[in-house]
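Engineer: Can you keep this structure in mind? I'll have questions shortly.
What follows is calculated from the coordinates using simple rules that are stated; it is not laboratory data. Everything quoted here is computed from the prediction, not taken from an experiment. With ideal geometry, Cβ positions are generated from the backbone for all residues, glycine too; neighbour counts draw on all protein chains shown.
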Ligand SMILES: NC(=O)c1ccc[n+]([C@@H]2O[C@H](COP(=O)([O-])OP(=O)(O)OC[C@H]3O[C@@H](n4cnc5c(N)ncnc54)[C@H](OP(=O)(O)O)[C@@H]3O)[C@@H](O)[C@H]2O)c1
């Protein structure tokens, strides 16, 4: 049993990490700026919640105290992402080193250093901060989450047009699978200071995913070919979002859609 701190443990992926770590019998603390109450979808029974802000460093020392390892699933929205991912990461790792955290695990994105997209640049800078840290670290890069591509379909369906990115395939992964990989990295053995990539179980075109989404949700809308946003699109079009030899996900997009329904 380890004492695991999930920073950003109320977020889309973080809440699955919290759930998985509790399920495996670890003592789990969660740090974020807002604490969920019982009944909130982000709330996991058995985890201890505390307010902390990685950008201002408010509350960091209190949450880092009494933990062995941390898993970082923080994220920022829009312009704030640069600050959260860089200033926030520096604050977090400095405080973690002072409080004797044994290992820090970062959730990152496949080939994040291969694009000039500003968010990817901020994530690549965040990875570099981890590599330069005095702590033992692991960087877990994954393919896009099932949720990300689904959010494009949901947004498009509101105006009756479901985007199928031209010339792009995805190998998306479920956040529950990502959670399992992160908890393994935090609490198991493994190569210290490694950066490893993990991918979903299946490669599908954007159109195939859109068709599966329509079938599973019963939502209406015309599937339309759409150019993918340039900076990140270049990486996706070149297949930089795929890793055939790094399959780790077990939950296919179709099964994930069914479980959501
Ligand atoms: N989406 C994908 O396809 C994909 C693929 C691979 C990797 N990733 C990576 O996965 C990570 C998590 O993404 P996500 O979508 O799960 O994020 P998310 O839902 O936006 O959750 C972000 C978490 O960070 C917390 N947070 C934000 N600012 C904070 C601050 N200043 N101090 C402390 N906590 C803060 C949030 O809680 P509060 O707002 O309450 O503070 C929340 O718990 C990201 O780093 C992303 O790059 C994403």
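Engineer: Remind me, what semi-axes does the chain give for its equivalent ellipsoid, largest first in whole Å, using sqrt of 5 times each Cα gyration tensor eigenvalue?
Structural biologist: Numbers: eigenvalues 197, 80, 59 Å².
The answer is 31, 20, 17 Å, longest axis first.
Engineer: Given the chain, what percent of its DSSP beta bridges are antiparallel, to the nearest 5?
Structural biologist: Values: 2 of 37 bridges.
Taking every DSSP beta bridge with both residues in the chain, the antiparallel ones total about 5 percent.
Engineer: Here is a follow-up. Using label points projected 7 Å from each Cα along Cα→Cβ, tell me how many nm separate residue 56 and residue 24, to one decimal.
Structural biologist: Here the answer is 3.3 nm between the modelled labels.
Engineer: Take the alpha-carbon centre of the range 158-183, take the same for the range 1-18, and report the distance between them in whole Å.
Structural biologist: Centre-to-centre (Cα) distance: 21 Å.
Engineer: Against the longest alpha carbon principal axis of the chain, how many degrees, from 0 to 90 and to the nearest 10, is the axis of helix 146-157 turned?
Structural biologist: Its long axis makes an angle of about 50 degrees.
Engineer: Something else about it: Give the angle, between 0 and 90 degrees and rounded to the nearest 10, that separates the Cα long axis of helix 89-98 from the longest principal axis of the Cα atoms of the chain.
Structural biologist: Helix 89-98 sits at roughly 30 degrees to that axis.
Engineer: Quick check: the angle from helix 206-217's long axis to the longest principal axis of the chain, C-alpha only, nearest 10 degrees?
Structural biologist: 90
Engineer: Calculate the spin-label point distance for residue 196 paired with residue 125, positioning each point 7 Å from the Cα along the beta-carbon direction, and give it in nanometres.
Structural biologist: 2.9
Engineer: Work out, step by step, the length gained on full extension between residue 230 and residue 98: first 0.36 nm times the residue separation, then minus their alpha carbon distance; give nm to one decimal. Please report the intermediate quantities before stating the final value.
Structural biologist: Details: separation 132, 0.36 × 132 = 47.52 nm, distance 4.13 nm.
Length difference between fully extended and current span is 43.4 nm.
Engineer: Go through 188-195, 146-153 and give me the packing order, highest mean Cβ count within 10 Å leading. Each step should come with its number before you reach the end.
Structural biologist: Values: 188-195: 11.1, 146-153: 18.9.
The densest-packed peptide leads the list: 146-153, 188-195.
Engineer: I've got another one for you. Roughly how many whole Å is it from the C-alpha centroid of the range 115-154 to that of the range 214-261?
Structural biologist: Going from one Cα centre to the other spans 18 Å.
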